[in-house]
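This report concerns only the one structure given below.
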Amino acid sequence: MAELHFFTGTMDSGKSTLALQTNHNHATRGRVGRIFTANDRGGEAVLSSRLGLTHAALEVDADFDFWKFVVDTLTRGGRIDYLICDEAQFYSPLQIEQLAKVVDELQIDVFAFGILTDFRTVMFPGSARLVELADRMNVLQVEALCWCGKKATQNARTENGVMVVEGDVVVVGDVEQADDPSAEVAYEVLCRQHHRRRLTAARAKAVSLAPEPLPFG
């Protein structure tokens, strides 16, 4: 029986790497799949991993219809055994429902990968619908770490080096730019405590290097 799988974790926890590995595993067994992504840091129509691996993909925009794409492909004689859907947090709830329909009505496996919450700690609508509909939800075992060493559970956004909790939900950036002072927008994974305090690695370092006040007298 086909299933809708949802693999989730914070940024930098290996979701895209796992997506590429999943595709490799199925393809080497003779299965035929399609790869989708949205707003990948590597550019349009590409699935990229921070390990340097990339694969061509179909870009999912706001008007993309998974059900129509799959039915049209099958009608033209194409074959699809599974779908790899990276950056699924950016998909709309309707698109997630289309993926569930593909699983149920066409018996095609769907493997979706995405983060749960945005930089405001608010769940993405696409991820919320996946939590509600997925047959299997898997939290990745590769733990991303906060700068303090604790497990990172939150995705923080910095603008010009300052952590923000307001703004457009979708702004492309990467955790690899967190230490780049010239980066206008970057992301960093933090534990809940330091996200609440807006204490990024750069700010923590600045505080630790600040000179102590001179004693009076």
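Computed with a 1.4 Å probe over protein heavy atoms only, the accessible surface of the stretch 83-151 comes to 46 Å² per residue.
Once backbone amide H atoms are built at 1.01 Å from N, residue 156 has 188, 189, 190 as its partners under 5 Å, excluding neighbours fewer than 5 places away on the same chain.
In debye to the nearest 20, how big a dipole does the chain give about its Cα centre with +1 on each Lys and Arg Cβ and -1 on each Asp and Glu Cβ? Mind showing how you got there, number by number?
Values: 22 positive and 30 negative charges, 143 e Å.
Roughly 680 debye for the chain.
How many times 2.2 N^0.38 Å is the alpha carbon radius of gyration of the chain? Mind dumping the intermediate values first?
Numbers: Rg = 19.6 Å, N = 217, 2.2 N^0.38 = 17.0 Å.
Compared with the compact-globule rule of thumb, the chain sits at 1.16.
Which net charge results for the neighbourhood of residue 82, defined as the other residues with beta-carbon distances under 11 angstrom from its beta-carbon, given Lys and Arg at +1 and Asp and Glu at -1? If you can, show how the numbers build up before the last one.
Values: positive: 29, 31, 34, 79; negative: 3, 81, 109.
That works out to +1.
Amide H contacts of residue 85: 36, 111, 112, 113, each under 5 Å away and 5 or more positions distant or on a separate chain (H built 1.01 Å from N in the peptide plane; Pro and chain starts excluded). Applied to the stretch 44-55, the Karplus parametrisation 6.51 cos²θ - 1.76 cosθ + 1.60 on θ = phi - 60° returns per-residue 3J(HN,Hα) values of 6, 6, 9, 9, 10, 10, 5, 7, x, 7, 9, 8 Hz, with x for Gly and Pro.
Is it possible to state the helix-based mean residue ellipticity at 222 nm for the chain, with each DSSP H run of 4+ residues giving -39500 (n - 2.57), the sum divided by total residues, to the nearest 500 deg cm²/dmol? What is it?
Values: 6 runs with 60 residues, N = 217.
Theoretical 222 nm ellipticity from helices: -8000 deg cm²/dmol.
At a 1.4 Å probe, what is the % contribution of carbon and sulfur to the accessible area of the stretch 1-158?
Numbers: 3810 of 7420 Å².
Looking at the stretch 1-158 in its full context, I get 51 percent from C and S.
The values are calculated or read from the model by the stated rules, or taken from the named source; none is laboratory data. As the structure is a computational prediction, the values presented were derived from the model and not from experiment. All Cβ positions, even for glycine, are placed from backbone atoms using ideal geometry, and neighbour counts span all protein chains on display. Heavy atoms of the whole protein, side chains included, go into the accessibility calculation; ligands, DNA and RNA do not. Shrake-Rupley method; radii C 1.70, N 1.55, O 1.52, S 1.80 Å.
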